[in-house]
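Colleague: Before I ask anything, let me first share the structure, which is written out below as structure tokens.
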Amino acid sequence: MATSKPLDVIKDDLWKNNPVTIQILGICSTLAVTNIFLNTLIMGLGLTFVTAFSSLTISLMRNIIPQRVRMMVQTLVIASFVVIVDIVLKAYVPDISKALGPYVGLIITNCIIMGRLEAFASSNKPSLAFLDGIMSGVGYMYVLLVISFFRELLGFGTVLGYQVMNPLMHSIGVSEGWIQWSFMIMAPGGFFMLALFIWIANSISMTKITHPQK
Amino acid sequence: MEGLSPWVIFFASIFTGNILLVYFLGMCSFLSVSKQVKTSLGLGLAVVFVLTITSALNYIVYYYILEPLNIEYLRYIAFIIVIASVVQLLEMIIERISETLYINLGIFLPLITVNCAILGVSLFMVIRKYTFIQSVLFGAGSGIGWMLAILAMAGIRARLNEQKIPPALRGPGIALIISGIMAMAFIGFSGIVQIQ
């Protein structure tokens, strides 16, 4: 891993070793906010920020951190960046900050960040670690954005808060409009959507392995 | 939250507001450890134990140290330090007291520091403005709820090994679908009592 190229890092984080579909890391804190697209976006950006900068910090300090207190240092670095995110969100988007509730703080225990710090940042150059942090964050975010897009669309009939399903239903002659799948907004919807996503992603990578020429 | 009986919160946090199936907290270890009933039980007990203690300690830290000093925004750092130290301390104590307990419970303790359920319960406690007794019972109830979920999951997964599952869905995929079905079952409880 020590001699990774930037391009490999990007490919790895976005698809081949995607934190959500392959490593199944860090779904704890953010699955809960995927019922509304905008909240997920804000959460994903916050997480990307924290991952990128804590990777950078840990990578800069990688030679001076004693092995024994490594975990503690990493946790404190992550927690400090999460405090920054929390304060910024409270100041600029108070409504969303309230809706996210405790889940912003739970970025600290998101295993993706810790996992990247352990596996990558503590043994790589700062610039590469920073890139890896951003890419892991993005790889994580786009999966959740896909999930939240469908959950919001089916659950509320909206995209980014705009009603789209109702007019669509009216235009094809269904007068009741869109009947909301309240199931999608609740917890089971999140579990099923993520399972579906993993299923599809795994099927695609499996066909690639069995037919490498195509 | 003054008026709510602590026991209502206790039972509500086990069933209607299950920390795992409703709030998605503690998913990582839930998915990775739930392969065997025995290990799930060990981890579950450790979570109950740590959750009860840390929710009490974090209550004291928040209301008697952070709030008087007006540094509530540092709660994430304070909470995580409390949790990490409690886990470390427990590990040492258990190691001294009993070897069998250490083998059964101690090896799971380091895993717990990064279990989001622990930090999540402390954060919920602050947001919902629980009193001390309510917080402790909320912590214990959430821990028991988590243990219940992981035990049920491990029991189901033990049976799954012999079933025909689409290859792409094996492992985490099917585990998530089962959690989804379990979450649906737990929604059935939600008419009984609501805690927000």
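The values are calculated or read from the model by the stated rules, or taken from the named source; none is laboratory data. Remember, it's a predicted structure, so these values are computed and weren't measured experimentally. Counting neighbours? That spans all protein chains shown, and the Cβs are built from the backbone with ideal geometry, glycine included. Just so you know, the surface numbers come from the protein's heavy atoms only, side chains and all, with ligands and any DNA or RNA stripped out. Shrake-Rupley method; radii C 1.70, N 1.55, O 1.52, S 1.80 Å.
Colleague: When chain B is modelled as a GNM with alpha-carbon springs shorter than 10 Å, which of B:VAL48, B:VAL87, B:VAL22 fluctuates the most?
Modeller: B:VAL22
Colleague: What Kirkwood Rh does segment B:6-191 have if only Cα atoms enter the pairwise 1/r average? Answer in Å.
Modeller: 17.1 Å
Colleague: Moving on to the next point. Per residue of A:189-201, what is the mean number of Cβ atoms on other protein chains within 10 angstrom of that residue's Cβ?
Modeller: Rounded to a whole number, the mean comes out at 6.
Colleague: How far apart, in nanometres, would the label points at B:LEU4 and A:ILE179 be if each is projected 7 angstrom from Cα along the Cα-to-Cβ direction?
Modeller: 3.3 nm
Colleague: Please state the Cα pair-distance histogram of segment B:45-94 with 5 angstrom bins from zero: what percent is in each bin?
Modeller: 4, 21, 30, 21, 13, 8, 3, 0
Colleague: Just to confirm, what accessible area per residue do you get for the protein assembly as shown at 1.4 Å probe, in whole Å²?
Modeller: In whole numbers, the protein assembly as shown has 46 Å² accessible per residue.
Colleague: In peptide B:166-179, what is the residue-averaged number of other protein chain Cβ atoms found within 10 Å of each Cβ?
Modeller: Mean shielding by partner chains, rounded to a whole number: 6.
Colleague: On the first, second and third principal axes, largest extent first, how far apart are the outermost C-alpha atoms of segment A:96-214 in Å?
Modeller: Principal extents (largest minus smallest coordinate, Cα): 60, 48, 25 Å.
Colleague: Quick one: what Rg and Dmax do you get for segment B:61-143 from the alpha carbons, in Å?
Modeller: Over segment B:61-143's Cα set, Rg and Dmax evaluate to 14.4, 44 Å.
Colleague: Could you work out what % of the accessible surface of segment B:53-196 is carbon and sulfur, using a 1.4 angstrom probe and leaving DNA, RNA and ligands out of the count?
Modeller: Heavy-atom surface of segment B:53-196 belonging to carbon and sulfur, 1.4 Å probe: 67 percent.
Colleague: Shielding of A:109-121 by partners, i.e. mean partner chain Cβ atoms within 10 Å per residue?
Modeller: The per-residue average across the peptide is 2.
Colleague: Give me the accessible area buried between chains B and A, both sides summed, with a 1.4 Å probe, in Å² rounded to the nearest 100.
Modeller: Buried area (both sides, nearest 100 Å²): 3200 Å².
Colleague: How large is log10 I(q)/I(0) at q = 0.06, 0.14 Å⁻¹ when the Debye formula is applied to the Cα atoms of the protein assembly as shown, each weighted equally and without solvent?
Modeller: -0.24, -1.40
Colleague: Could you rank the peptides B:124-130, A:139-145, A:107-113 by their average count of other C-beta atoms within 10 Å per residue, with the highest value first?
Modeller: A:107-113, A:139-145, B:124-130
Colleague: What is the percent carbon and sulfur in the accessible area of segment A:118-185, measuring with a 1.4 Å probe over the protein chains and ignoring ligands?
Modeller: C and S atoms contribute 72 percent here.
Colleague: Project the alpha carbons of chain A onto their principal axes and report the range along each, largest first, in whole Å.
Modeller: The principal-axis extents, from largest down, are 67, 52, 24 Å.
Colleague: Counting only the backbone N, which residues of segment B:135-176 are under 18 Å from the spot 7 Å out from the Cα of B:LEU111 toward its beta-carbon?
Modeller: Inside the label zone: B:143-159, B:171-173, B:175-176.
Colleague: Still on this model: At R0 = 45 Å, how high is the FRET efficiency between B:ILE81 and A:SER127 if r is their beta carbon distance? Nearest 0.05 is fine.
Modeller: Taking R0 as 45 Å, the efficiency between B:ILE81 and A:SER127 is 0.90.
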